[in-house]
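To keep things clear, I will list the structure first and then write my remarks on it.
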């Protein structure tokens with residue numbers, strides 16, 4: 001029995017898979033070998049009283065070998081950069097760690113991100129950096145950009161390092177990746193990891209936009225519209241907004257709607273303007289839905305259609321738009337395009353006023369001033385709502401405050 005136990009111990013040191021040379025070459029933790037010892041010889045050795053002495057001897061040897069390995073520095077094993085204790089309790093994490101150790105760059109990215117945000121694993125920025133570097137060494141551009149961002153911001157265990165941030169960003173952009181171009185443009189635009197430089201931001205955004213990246217196309221439109229890093233040019237702004245819109249950007253729909261409505265940089269065209277507003281409304285922009293409803297009711301840029309208009313206004317209210325609430329409230333209060341219902345009108349106007357819409361606050365002041373919708377006349381409340389509206393520049397409320405309201 002004892003011989004068998006000692007054979008397991010000597011096998012640990014002499015067997016080809018657990019030699020010290022194998023430890024360094026394959027980056028295997030000594031603990032892995034000990035697990036083999038436990039599985040193969042533990043039950044046998046427990047029967048022998050001399051096992052305690054053997055274990056003490058084995059522990060001493062392991063500590064000595066560990067110290068030698070650490071002193072001679074055969075590198076940080078991958079297994080030192082995984083979270084211990086997850087192998088049995090979380091099969092997904094165990095599988096992820098195993099595949100990352102085997103060189104799967106996508107799994108290395110997932111593991112790094114998990115360490116970065118503390119998802120399924122204890123948060124550890126040094127471990128995140130370690131696995132991002134593993135993936136980056138295999139040419140993973142996203143890993144390079146993640147490293148750039150981590151070094152730019154810094155955090156616990158990873159000091160901010162602008163030089164390293166720039167180095168990784170340079171490596172990422174060298175591959176011609178659109179996302180890398182966008183990130184570099186973003187860095188220059190906001191001064192993150194680099195000195196703020198709008199001209200450089202526009203240059204890198206254009207590189208990404210030329211590859212069809214929606215966000216870069218939209219940002220470039222904004223820069224041409226505002227003259228940031230480039231000469232202000234509404235025709236160019238419209239061009240880039242249209243490209244972003246063609247890729248489904250709802251913000252670009254609204255930008256183009258305004259540009260065509262005002263004829264800024266393009267020929268003024270109310271029908272074209274309405275068509276872009278309608279796209280935004282169909283994409284569930286609640287505020288634009290109220291505008292589209294009003295356009296149908298008034299016949300602006302589209303053939304007049306009251307039923308369609310009321311439908312869009314109601315849809316806007318259902319989606320929580322304060323503008324929609326104000327519009328529908330006025331419709332009920334005045335009986336415009338819909339059967340008059342003052343109580344319902346006041347209810348909707350109150351909801352809009354509570355969302356800090358100045359025109360709704362001014363109208364609510366009038367409700368209390370005149371006692372509309374079943375509300376009693378209340379000069380104090382009227383003045384309060386006029387004051388709230390006036391503080392936001394509502395001209396009607398400002399005029400009203402110059403007139404006695406009965407108090």
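The values are calculated or read from the model by the stated rules, or taken from the named source; none is laboratory data. Bear in mind the structure is a predicted one, so any value in this text is a computation, not a measurement. Counting neighbours? That spans all protein chains shown, and the Cβs are built from the backbone with ideal geometry, glycine included.
Which residues, counting only those in region 268-299, are touching a helix residue (DSSP H, G or I) at 6+ places or on another chain (Cβ under 8 Å), more than 24 Å from residue 320 (Cα to Cα) and assigned to a loop (DSSP other than H, G, I, E, B)?
Selection gives 268, 269.
Can you give me the number of residues within region 185-208 that are modelled with pLDDT of 90 or more, crowded, with 20+ Cβ neighbours inside 10 Å and either within 20 Å of the chain's Cα centre (by Cα) or part of a loop (DSSP other than H, G, I, E, B) (or both)?
Summing the residues that are modelled with pLDDT of 90 or more, crowded, with 20+ Cβ neighbours inside 10 Å and either within 20 Å of the chain's Cα centre (by Cα) or part of a loop (DSSP other than H, G, I, E, B) (or both) in region 185-208 gives 6.
Just to be sure I understand the filter: pairs with C-beta atoms under 8 Å, separated by 6 or more residues or on different chains, first member in region 238-266 and on the phi > 0 side of the Ramachandran plot and free of Cβ contacts under 8 Å to residues at least 60 places away in the same chain, second member assigned to a helix (DSSP H, G or I) and surrounded by 23 or more Cβ atoms within 10 Å (Cβ to Cβ). Which pairs pass?
Close Cβ pairs satisfying both conditions: 265/237; 265/259.
Of everything in region 114-145 that's out of contact with any helix residue (DSSP H, G or I) (no Cβ under 7 Å at 6 or more places or on another chain) and surrounded by fewer than 22 Cβ atoms within 10 Å (Cβ to Cβ), which residue is nearest to residue 183 (Cα to Cα)?
Here the residue is 139.
Among residues belonging to region 348-407 that are within 26 Å of residue 315 (Cα to Cα) and more than 41 Å from the chain's Cα centre (by Cα), point out the one that is surrounded by the most Cβ atoms within 10 Å (Cβ to Cβ).
367
What tally of residues in region 291-328 results from selecting those that are buried (at least 19 other Cβ atoms within 10 Å of the Cβ) and either touching a strand residue (DSSP E or B) at 6+ places or on another chain (Cβ under 7 Å) or more than 22 Å from residue 269 (Cβ to Cβ) (or both)?
11
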